[in-house]
Amino acid sequence: MMKPLIGIPMGDPAGVGPEIIVKALNDEHVYEYARPIVIGERKTLEQAMRICEIFLEINTVEEPEQGKFVKGTLDLIDLKNIDIDQLELGKVQAPAGKAAFQYIKAATDLALENKVEAIATTPINKESLKAGGIPYIGHTEILEDLTRTKNPLTMFQVHNLRVFFLTRHVSLKRACELITKESVFEFIERCVEALRVLGLKNPKIAVAGLNPHSGEHGLFGDEEVREIAPAIEEAQAKGINVVGPVPADSVFHFGLLGRFDAVLSLYHDQGHIATKMVDFERTISVTNNMPFVRTSVDHGTAFDIAGTGKVSQVSMVEAIRLAADYAPSFNSIR
């Protein structure tokens, strides 16, 4: 079988995106499971190679299938949208934000046209997007609009541990207010569907508790009794393989051991801390509920080290691997 074609938008050219790409594609193992095609800008990537002291042949193509996909070669769709003489590494700047959006849009178009099977994204910068007149704050919002997807579902994966998030970018107080029987039940259903699309036929989900020891039957807060447990019971009555609430101090460990296929975290830091403590560099974001699989490194543009060659490629390699791993199951169902 042909290895999955994975589109890689270059990200903010002033950040570490170009560097992690050239480092990742210098890893021969990438070509064991994927055919990576970069959507970016040639001179920026050549600069990144000089910085990292890595020398790959850049094979510029018009269509993804024209790539060579062998170690020692970087296959590129060149948008030619950066003036390298004006680019300042490690700084917010309008041309970089505009270019980053163009790479994402081109990669998305290729995925919607079935010319790539998934995309693995590199970091972009919110301030650079704003300076470039791009009316989005991040990848999820861009992809939501470009694919006309309502409420893309984010999942983190690190090793065997998969984590979904009931609430994300809200205050902790607001997160507690959003934990209702209705919202928990809806999210359990969405998580199950997402996992099935990724190839898990009868996934087992654990819902994390909110309060210490999951509230000890109301002694330390009653959210579990009032909202969370009733939602789980309703899902179980519908035949969904879900358990909980499982105390948050143990549920992620059990998920890592494989006792559960995924954990539903109730708020942002609850799940982020758990995954990143397992392995910070290999924690990968997977965006579900779209017409294609999207994975992403879970770090930013790292302007403080852009241009130094110090950035690690481990997260980029893992994002490509995970995209290639999930793409066949996703596309067979789609």
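Read-outs throughout are calculated quantities, based only on the coordinates presented, and are distinct from any laboratory measurement. Only a predicted model underlies this, so the values are computations on that prediction, with no experimental measurement involved. Cβ coordinates were reconstructed from backbone atoms using ideal geometry, including for glycine residues, and neighbour counts include every protein chain displayed.
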Fraction of beta bridges assigned by DSSP in the chain that are antiparallel (%, nearest 5): 30
Residues 146, 219 arranged by fewest to most Cβ contacts within 10 Å: 219, 146
Computed ³J(HN,Hα) along the range 256-263: with the Karplus parameters 6.51/-1.76/1.60, θ = phi - 60°, integer Hz and x for glycine or proline, the list is 5, 6, x, 5, 10, 7, 7, 10
How about residue 276: which aspartates and glutamates have a C-alpha closer than 17 Å to its C-alpha, ignoring those fewer than 8 places off in the same chain? 249, 298, 318
Exactly which GluC sites (Glu not before Pro) in the range 17-107 are in a DSSP loop and have at most 13 other Cβ atoms within 10 Å? 28, 53, 62, 88
Would you mind telling me which residue in 168, 196, 226 has the biggest mean-square fluctuation in a Gaussian network model of the chain, where springs connect alpha carbons within a distance under 10 angstrom? 226
Could you give me the ³J(HN,Hα) list for the range 141-150, computed from phi with Karplus coefficients 6.51, -1.76, 1.60 and θ = phi - 60°, whole Hz, x at Gly and Pro? 5, 4, 5, 4, 6, 5, 9, 6, 9, 8
Charge context of residue 103, other residues only, Cβ under 13 angstrom, K/R +1, D/E -1: 0
Angle check, please: helix 181-197 long axis (alpha carbons) against the longest principal axis of the chain (alpha carbons), in degrees 0 to 90, nearest 10. 50
Given the pairs 23/310; 43/80; 3/80; 91/130; 3/68, which are separated by over 18 angstrom at their Cα positions? 3/80
On a 0 to 90° scale, report how tilted helix 94-112 is relative to the longest principal axis of the chain, with both axes built from alpha carbons and the result rounded to the nearest 10. 70
At 222 nm, what helix-only mean residue ellipticity would the chain give, in deg cm²/dmol to the nearest 500, using -39500 (n - 2.57) for each DSSP H run of four or more? -11500 deg cm²/dmol
Selection from 293, 314, 9, by position along the positive dipole direction of the chain (Cβ): 293
